[in-house]
1. GLY98 - would you say it is closer than 27 Å to PHE179 by Cα, in contact with a Ser or Thr (Cβ under 8 Å, 6 or more places away or on another chain) and not in a loop (DSSP other than H, G, I, E, B)?
2. Confirm whether LEU31 is at pLDDT 95 or above and not assigned by TED's automatic domain parsing to the domain that holds GLY196.
3. Taking only pairs six or more apart or across chains, which ones have beta-carbon atoms under 6 Å, a first residue in the range 298-326 that is more than 19 Å from GLY339 (Cα to Cα), and a second residue that is among the aromatic types (Phe, Trp, Tyr)?
4. Which of the strands (runs of 3 or more DSSP E) contained wholly in the range 104-216 include at least 2 residues that are closer than 28 Å to PRO329 by Cα, at pLDDT 95 or above and open to solvent by 30 Å² or more (accessible area, probe 1.4 Å)?
5. Taking the range 77-103 as the region of interest, how many residues are surrounded by fewer than 22 Cβ atoms within 10 Å (Cβ to Cβ), within 16 Å of the ligand (Cβ to nearest atom) and of a type in the set (A, V, I, L, M)?
6. Does the range 38-55 contain any residue that is over 30 Å from LYS341 (Cβ atoms), assigned by TED's automatic domain parsing to the domain that holds ALA188 and in contact with a strand residue (DSSP E or B) (Cβ under 6 Å, 6 or more places away or on another chain)?
7. Return yes when ARG335 is outside the structural domain of GLY164 (by TED's automatic domain parsing) and assigned to a strand (DSSP E or B) and no when it is not.
8. Filter the range 311-329 down to the residues that are out of contact with any helix residue (DSSP H, G or I) (no Cβ under 8 Å at 6 or more places or on another chain), of a type outside the set (Val, Ile, Thr) and part of a strand (DSSP E or B) and list them by number.
Amino acid sequence: MKKGWFEHDTKKLAAMYGYQKPEQNGGSLKLDSNENYAIPKQFQGDIITHARKNSDVREYPLGGAERLVRAISKFLRMPPSMIGVGNGSDQILDIILGNFASKKTRVLTSNPTFGFFEQRCDLYSIPVISVPFSEHMELDAGDFESKFSRADILYLDSPNNPTGFQFPKKRLQGLVKSFNGLVIIDEAYGEFGDYGMSSMTKTHKNLIVVNTLSKSFGLAGLRLGYFVANPQFTDVFMRVLQYPYPLSTVTIESGIAALERPDTMRAAVNIIKSERERIIRTLRTYHSFDVFDSKANFVLFDAHGAYGRIYSALAEQGISVRKLGKIGPHRGCLRVSIGTKEMNSKFLLAVRDLLE
Ligand SMILES: *Cc1c(COP(=O)(O)O)cnc(C)c1O
């Protein structure tokens, strides 16, 4: 190795952006990270109390991941041998990319897709082939198929972040069936959408379905992700690739308690789905916006020339939304997460005041 290589490599990495986290503005109405506030605060109180009673953090969480896997297995009605866990689904995606992708494998995905995933491909110099969204913020399955022969890995968020688009079920099943390489379906927002794909892992060995407790269960701070895949891959992932203790005891025990209360999650998801329709309907009354359909817990809209002004004026009032700017032919995109009824009403009132 040449002298100074470490300094040189550090400098090279310093030029990269890394994942762009939202700004931290204190006391704000946080509608920028697709967190779930519709889930009662009491819920996390309950599961953390449970975790506290069942944890001894002097010890490594020996056997903890296995117990969590059994809880997920019961929740999904899928065999435990097909379920793996990670420190957020971010870490699961990172391990998959780090071990199955390289400069020589091409990833086929949409543009845009999950920001962290794009950033990771960039970091590892993994070539990406991307399919753009249409003017109506939809993807065309044929556009993907025409690029299949050039790709080794297909990665799709279903529903997509940041557009909220989800393929009709048959379409996505068709894509999975006809692709020969590795397929990663990211269902971080799956519970807010029309369907899930995990049962297809029983018949398709090249399919990994990734999910998380961050969005539907409102536990982003817990850092708990999981995946469903064929037993051979799952075994390799958990035994060889994953860290010996990827999740803290507190995370494991809280996660188990959360999964025993799926009805709380489902009630929050139902509130968010009906609020989603209210936000879309209300934003559509402003003819200066293009508001896109969404199957997730957020809504994307193009505010055109007014977008910079709207973003800043909302921020001044303590309302944070995600500023995305140009997506395909749309130049002024903003993404607003769906909060509680009260939060959403505040957001909608603020927009109304800005436009009138
Ligand atoms: C939020 C998000 C994740 C991240 O999940 P964590 O489990 O919190 O790491 C994964 N994929 C997509 C598409 C997301 O939007």
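The values are calculated or read from the model by the stated rules, or taken from the named source; none is laboratory data. All values reported here derive from a predicted model rather than from experimental measurement. Backbone-built Cβ (ideal geometry, glycine too); neighbour counts: all protein chains shown. Side chains are part of the model used for accessible areas, which takes the heavy atoms of the whole protein and leaves out ligands, DNA and RNA. Shrake-Rupley method; radii C 1.70, N 1.55, O 1.52, S 1.80 Å.
1. Here the answer is no, as GLY98 does not meet what is asked.
2. Judged against the criteria, LEU31 is a match.
3. Final answer for the pair search is ALA303/PHE289.
4. Result: 128-132.
5. Adding up the residues that qualify gives 2.
6. No - not one qualifying residue is present in the range 38-55.
7. When the stated conditions are applied, ARG335 passes them.
8. Matches in the range 311-329: ARG322, LEU324, LYS326.
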